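No lab work stands behind these numbers, since they all come straight from the coordinates. Please read all numbers here as calculations on a predicted model, not as lab measurements. So basically every Cβ, Gly included, is an ideal-geometry build from the backbone, and we count neighbours across all protein chains shown.
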Amino acid sequence: METSPEQKLLVAIHSEEVFAGRTIRQERPACCGKPIDLYATPVKFQEVQVGLKSFTLLESRCPVCGTWVKPVYSIIH
Ligand SMILES: [Zn+2]
């Protein structure tokens with residue numbers, strides 16, 4: 001299947017860090033006018049370095065059209 005328990009665990013860990021982040025904040029992914037459920041679609045993990053720390057952003061595939069949605073994020077000062 002497309003999503004494994006391991007992927008769901010990684011999504012849970014990294015979601016907490018980047019969607020509610022205090023250093024970096026990723027926007028919730030959306031495509032086709034709908035938010036993407038990261039637990040029900042393939043996800044790729046993308047490392048970014050901010051200062052000395054690295055964060056993992058989530059790139060997800062739209063379950064409707066199949067497009068990979070690049071992470072959009074901002075650095076919070
Ligand atoms: Zn889409």
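Restricting to DSSP H runs of at least four residues, report the calculated mean residue ellipticity at 222 nm for the chain, -39500 (n - 2.57) per run over all residues, nearest 500 deg cm²/dmol.
For the chain, the value works out to -6500 deg cm²/dmol.
Can you tell me how much longer the chain between Glu16 and Gln46 gets when fully stretched, taken as 0.36 nm per residue apart minus their C-alpha distance, in nm with one decimal?
9.3 nm
Say R0 is 35 Å: what FRET efficiency, to the nearest 0.05, do Tyr39 and His77 get from their beta-carbon distance?
0.70
How large is the charge dipole for the chain, taken about the Cα centre, if only the Cβ atoms of Lys, Arg (+1) and Asp, Glu (-1) carry charge, to the nearest 20 debye? Walk me through the intermediate numbers first.
Values: 9 positive and 8 negative charges, 40 e Å.
My answer is approximately 200 debye.
Could you work out how far helix 5-19 tilts from the main Cα principal axis of the chain, as a 0 to 90 degree angle to the nearest 10?
That helix lies at roughly 40 degrees to the long axis.
Please tell me the relative contact order of the chain in percent, rounded to the nearest whole number, where contacts are Cα pairs under 8 Å and at least six residues apart.
Across the chain, relative contact order equals 33 percent.
Quote to one decimal, in nm, the extra length available between Glu6 and Arg25 on full extension: 0.36 nm per residue of separation minus the C-alpha distance between them.
My answer for the length gained is 4.5 nm.
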